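Note sheet for the following structure.
No value in this document is a laboratory result; all are computed from the given coordinates. Remember, predicted model here, so these are calculated numbers, not experimental data. Note: ideal-geometry Cβ built from the backbone for every residue, glycine included; neighbour counts use all protein chains shown.
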Amino acid sequence: MKKVVQLLAALIAVPLTAAEEPLTRIAFGSCYRETKPAPVFEAITATKPEWFVWLGDNVYGDTDDMAVLRAKYQVATALPGYAALRASCRVIGTWDDHDFGKNDAGKDYPMRRESQQELLDFLGEPADSPRRQQEGVYWSYDQGPEGKKVRFILLDTRYHRDSPGSDGTVLGEAQWKWLESQLVGSPAGVHVIASSIQILPSEHRFEKWANFPGERERLLALLARRDVPPVILLSGDRHVGEISVDRQSCGYPLHEITSSSLNQGGGGSDHEANRLRVGPNFRAVNFGTLSIDWSRTVPVITAALRGLDGAPQRAVTFELVR
């Protein structure tokens with residue numbers, strides 16, 4: 001018995017590896033114009049995130065010339081504030097139209113294969129990563145020990161997307177099957193889905209999942225399934241920040257936190273309609289954070305939109321339960 005106790009004590013004393021540490025602080029953002037100052041990165045770093053998630057428009061490439069796109073990524077990477085953030089936490093992400101290569105573009109963009117490699121270079125994806133071999137940049141990452149694992153599910157809303165107005169696909173069938181596989185039977189306790197464009201808001205005139213109503217309905221139906229765990233949605237694109245909650249579609253309050261822009265505020269309008277919005281939108285420069293409290297049986301999430309001083313401007317606290 002004494003030996004068993006000693007063995008258990010030794011196991012408890014072994015420190016967790018980086019991959020096993022439970023995540024408690026996550027930051028995210030979108031829409032960074034690489035030619036403009038971005039003091040927001042200092043504010044992000046000051047919140048001490050363990051991970052940072054790019055939600056798209058990570059630079060404004062808007063080109064078919066990969067040398068031009070590469071140079072813009074190099075400018076972004078060299079920014080001292082962003083370099084300090086990268087040195088302090090793990091960085092992951094997906095893309096949107098401007099870093100994909102063309103405003104509002106989808107699968108018709110002729111350089112999508114080449115552009116995919118430039119994004120993955122920017123994100124530091126290994127040269128032999130399977131993410132470089134597939135069509136599209138969708139991917140997932142797990143962090144944390146058993147019982148306190150976070151799964152990030154990064155969608156690609158560009159590579160396979162049909163033309164607006166066609167009511168065609170946003171994700172493509174391969175990505176749809178992959179998404180289902182990332183949710184059903186997942187060992188994670190918290191699931192975060194990142195979409196470059198907004199999923200819940202449907203009343204504005206800009207890009208959104210609601211422009212493809214069949215795909216939006218399909219996504220909400222998937223998230224409503226009893227064998228799919230509750231999720232948190234993140235999005236960018238809009239140059240405006242807001243928190244939306246759908247209390248009807250999925251059997252639990254489905255939250256979407258939209259954070260945009262990192263250095264180009266002022267999008268949308270103060271009176272823009274969104275029947276699902278919690279409080280007013282936030283049009284100044286912003287970034288988002290998720291804080292996870294693992295001290296309870298069901299983790300408690302606090303999502304916030306923060307301004308240039310790092311202070312919360314909009315926030316909501318909730319549990320991921322049906």
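With LEU79, LEU69 as the choices, which residue is surrounded by 23 or more Cβ atoms within 10 Å (Cβ to Cβ) and over 18 Å from SER259 (Cα atoms)?
Being surrounded by 23 or more Cβ atoms within 10 Å (Cβ to Cβ) and over 18 Å from SER259 (Cα atoms) holds for just one of LEU79, LEU69, which is LEU69.
Can you name the number of the only condition in (1) in contact (Cβ under 8 Å) with a residue 24 or more places away in the chain; (2) in contact with a Ser or Thr (Cβ under 6 Å, 6 or more places away or on another chain); (3) in a helix (DSSP H, G or I) that GLY288 fails?
(3)
Which condition number does GLU20 fail, the rest of (1) farther than 19 Å from ALA284 by Cα; (2) buried (at least 17 other Cβ atoms within 10 Å of the Cβ); (3) of a type in the set (D, E, K, R) being met?
Every condition holds for GLU20 apart from (2).
As an exercise: evaluate ASP270 against (1) within 27 Å of SER166 (Cα to Cα); (2) touching a residue at least 12 places away in the same chain (Cβ under 8 Å); (3) surrounded by fewer than 16 Cβ atoms within 10 Å (Cβ to Cβ); (4) of a type in the set (Asp, Glu) and give the number of the one condition it does not meet.
ASP270 satisfies all of (1) within 27 Å of SER166 (Cα to Cα); (2) touching a residue at least 12 places away in the same chain (Cβ under 8 Å); (3) surrounded by fewer than 16 Cβ atoms within 10 Å (Cβ to Cβ); (4) of a type in the set (Asp, Glu) except (1).
Kindly indicate the residue of segment 25-70 that is touching a helix residue (DSSP H, G or I) at 6+ places or on another chain (Cβ under 7 Å) and in a helix (DSSP H, G or I) and also farthest from GLN264 (Cα to Cα) among those meeting that condition.
MET66
Mind listing just one residue for me: the one in segment 98-111 that is out of contact with any helix residue (DSSP H, G or I) (no Cβ under 7 Å at 6 or more places or on another chain) and under 13 Å from GLY136 (Cβ atoms) and, of those, surrounded by the fewest Cβ atoms within 10 Å (Cβ to Cβ)?
Of everything passing the filter in segment 98-111, LYS107 is surrounded by the fewest Cβ atoms within 10 Å (Cβ to Cβ).
Among residues belonging to segment 291-303 that are part of a strand (DSSP E or B) and touching a residue at least 40 places away in the same chain (Cβ under 8 Å), point out the one that is nearest to GLU203 (Cα to Cα).
Filtering segment 291-303 for residues that are part of a strand (DSSP E or B) and touching a residue at least 40 places away in the same chain (Cβ under 8 Å), the one nearest to GLU203 (Cα to Cα) comes out as ALA303.
Looking at segment 105-125, which of its residues are over 14 Å from ASP62 (Cα atoms) and under 20 Å from the mean Cα position of the chain (by Cα)?
Listed by number, the residues that qualify are GLN117, LEU120, ASP121, PHE122, LEU123, GLY124, GLU125.
Scan segment 207-218 and tell me whether some residue there is part of a loop (DSSP other than H, G, I, E, B) and free of Cβ contacts under 8 Å to residues at least 12 places away in the same chain.
So far as segment 207-218 goes, yes, one or more of its residues are part of a loop (DSSP other than H, G, I, E, B) and free of Cβ contacts under 8 Å to residues at least 12 places away in the same chain.
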